[in-house]
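Engineer: Would you mind keeping the following structure in view while I ask a few things?
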Amino acid sequence: MLLYDLDIKFGFGQIGINIYPGDFSLKKASDSGFDMKIKKPEIIISTRYPEINIDFSRCRSEMGYPSLPEAAIQWQYDGKQTVSDYIDKKVAEGNALADIHKGVSIQEIAYSDAFPEPPETNVDFIPKSRPEITVQPGQASVDFTPGDITVSVNPLPVKFNYDRARVNVFLEKKPYININAVYVGRKFDLKV
C-alpha cells in the first residue's frame with residue numbers, strides 16, 4: 001500500500017487602506033466688519049452750600065449800641081468830638097498858664113489831670129436776648145445724561161474651501177493555499 005502525506009501551505013491575505021483626511025478652511029476679509037460709536041455719560045453736580053446767618057442787632061440794641069453801619073458813623077463823630085474836646089482843654093490849660101500871674105498854679109492843673117472825676121458805674125448782665133441764628137440747608141443736585149453705544153454691522157463675505165475625505169481599500173496581498181501529496185514509503189502497511 002502506498003502512503004501519502006498531505007503538505008498544506010497557506011497564507012492570509014492582507015488588505016491595504018489609504019486614508020485621505022478632509023480639509024475645511026475659511027477665508028474672510030481682515031477688517032472687523034462692524035463700526036462702534038461711543039457717547040460717554042455725563043454727570044453734572046451743582047452744589048449750594050448751607051448758609052448760617054447770625055443776627056445780633058437785638059443784642060446790640062439792648063447794650064445801647066446801634067447797628068454796625070450806624071455805629072460806624074457814630075464812632076466817627078465821637079472820635080472827632082473827643083479830639084476837639086481834648087484840643088479845647090489843652091488850649092484852656094495853656095491860656096491859664098499864660099495868666100499865671102492871676103493866681104492859677106501849675107499844681108492845680110496837674111492835679112486835675114492826675115485825678116479826674118471817676119466815671120459813673122452801673123453793673124448789669126447784658127445782653128438779655130440771644131442772637132437770632134437762621135440756617136438754610138445746602139442742596140446738591142445731580143443731572144445725569146446716560147451714555148450710548150451704537151454698533152453697525154457690515155457683513156463681510158466669507159469664502160471657504162472644502163476637500164472631501166477619501167478612504168481607498170485595496171488587496172495588498174492575495175491569500176493562498178497549496179496542498180501537495182507527499183509520498184511517504186512503499187512497504188509499510190501502517191505508519192506508527
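Engineer: Is it possible to state the helix-based mean residue ellipticity at 222 nm for the chain, with each DSSP H run of 4+ residues giving -39500 (n - 2.57), the sum divided by total residues, to the nearest 500 deg cm²/dmol? What is it?
Structural biologist: -8000 deg cm²/dmol
Engineer: Rank 171, 10, 141 by how far each Cα sits towards the positive end of the charge dipole of the chain (+1 on Lys, Arg Cβ; -1 on Asp, Glu Cβ) and give me just the farthest.
Structural biologist: Positive-end residue among those listed: 10.
Engineer: Determine the per residue accessible area of the stretch 63-168 with all protein chains present and a 1.4 angstrom probe, expressed in square angstrom. Before the final figure, lay out each step's value.
Structural biologist: Numbers: 9590 Å² over 106 residues.
Here the per-residue accessible area is 90 Å².
Engineer: Taking amide hydrogens as modeled 1.01 Å from N in the peptide plane, which residues meet the under 5 Å criterion relative to residue 3, leaving out close sequence neighbours?
Structural biologist: Amide H neighbours of residue 3, under 5 Å, 5+ apart: 184, 185.
Engineer: Still on this structure: How far apart, in nm, are two points set 7 Å out from the Cα along the Cα-to-Cβ line at residue 71 and at residue 9?
Structural biologist: According to this spin-label approximation, the distance is 14.1 nm.
Engineer: Treating each Cα of the chain as an identical point scatterer and ignoring solvent, apply the Debye formula and state log10 I(q)/I(0) at q = 0.13, 0.14, 0.17 Å⁻¹.
Structural biologist: Ignoring solvent entirely, the Cα scatterers give -1.09, -1.14, -1.25.
Engineer: What does the net charge come to around residue 96 if you take all other residues with beta carbon closer than 14 Å to its beta carbon, with K and R at +1 and D and E at -1?
Structural biologist: On the way: positive: 89, 90, 102; negative: 88, 93, 99, 108, 113.
For residues surrounding residue 96, the net value is -2.
Engineer: Set Lys and Arg Cβ to +1 and Asp and Glu Cβ to -1, take the dipole of the chain about its Cα centre, and tell me which of 82, 183, 152 lies farthest positive.
Structural biologist: Comparing the listed Cα positions along the dipole, 183 ranks first.
Engineer: To the nearest 20 Debye, how big is the dipole of the stretch 112-189 about its Cα centre, given +1 on the beta carbon of each Lys and Arg and -1 on that of each Asp and Glu?
Structural biologist: For the stretch 112-189, the charge dipole is close to 2600 debye.
Engineer: Sticking with this structure for a sec: I want the local charge near residue 163. Using Cβ-Cβ distances under 15 Å, sum +1 for each Lys or Arg and -1 for each Asp or Glu among the other residues.
Structural biologist: That sum, taken over residues with Cβ under 15 Å, equals +3.
Engineer: Give me the extension gain from residue 40 to residue 61: residue separation times 0.36 nm, minus the current Cα-Cα distance, reported in nm with one decimal. It would help to have the intermediate numbers written out before the result.
Structural biologist: Working: separation 21, 0.36 × 21 = 7.56 nm, distance 5.91 nm.
My answer for the length gained is 1.7 nm.
Engineer: Shifting gears a bit: Using DSSP to call loops (not H, G, I, E or B), can you name the GluC sites (Glu not before Pro) in the stretch 91-192 whose Cβ has at most 15 other Cβ atoms within 10 angstrom?
Structural biologist: Those satisfying the criteria are 120.
Engineer: Connecting C-alpha atoms closer than 10 Å in a GNM of the chain, tell me which of 141, 112, 61 has the biggest fluctuation.
Structural biologist: The residue that fluctuates most here is 112.
Engineer: Let me spell out the model: positive unit charges on the Cβ of Lys and Arg, negative unit charges on the Cβ of Asp and Glu, origin at the Cα centre of the chain. What dipole size does that give, in debye rounded to 20?
Structural biologist: 3520 debye
Engineer: Also: Can you pull the accessible area of residue 134 for me, 1.4 Å probe, Å² to the nearest 10?
Structural biologist: Here the residue's solvent-accessible area equals roughly 70 Å².
Engineer: Another question, if that's okay. So, with a 1.4 angstrom probe, what is the percent of accessible area on the chain that is carbon and sulfur?
Structural biologist: Roughly 59 percent of what the probe reaches on the chain is carbon or sulfur.
Engineer: Oh, and also: Evaluate the relative contact order of the chain (contact order divided by residue number), counting alpha-carbon pairs under 8 angstrom at least 6 apart; express in whole percent.
Structural biologist: Once normalised by length, the contact order is 64 percent.
Engineer: Expressed in nm to one decimal, what extension gain is obtained for the pair residue 49 and residue 152 from 0.36 nm per residue of sequence separation less their Cα-Cα distance?
Structural biologist: Numbers: separation 103, 0.36 × 103 = 37.08 nm, distance 4.57 nm.
Stretched out fully, the residue 49 to residue 152 stretch lengthens by 32.5 nm.
Engineer: Hey, in the GNM for the chain with a 10 angstrom Cα cutoff, which one of 130, 60, 166 fluctuates hardest?
Structural biologist: Evaluated over the chain, the most mobile residue of the options is 166.
Engineer: If you don't mind, there's one more thing I want to ask. Quick check: net charge around residue 84, other residues with Cβ under 14 Å of its Cβ, Lys/Arg +1 and Asp/Glu -1?
Structural biologist: 0
The values are calculated or read from the model by the stated rules, or taken from the named source; none is laboratory data. This one's a predicted model, so the numbers in the text were calculated from it and none came from an experiment. Cβ sites come from the backbone with ideal geometry, for glycine too, and all protein chains shown count toward neighbours. The area values use the complete protein model at the heavy-atom level, side chains included, leaving out ligands, DNA and RNA. Shrake-Rupley method; radii C 1.70, N 1.55, O 1.52, S 1.80 Å.
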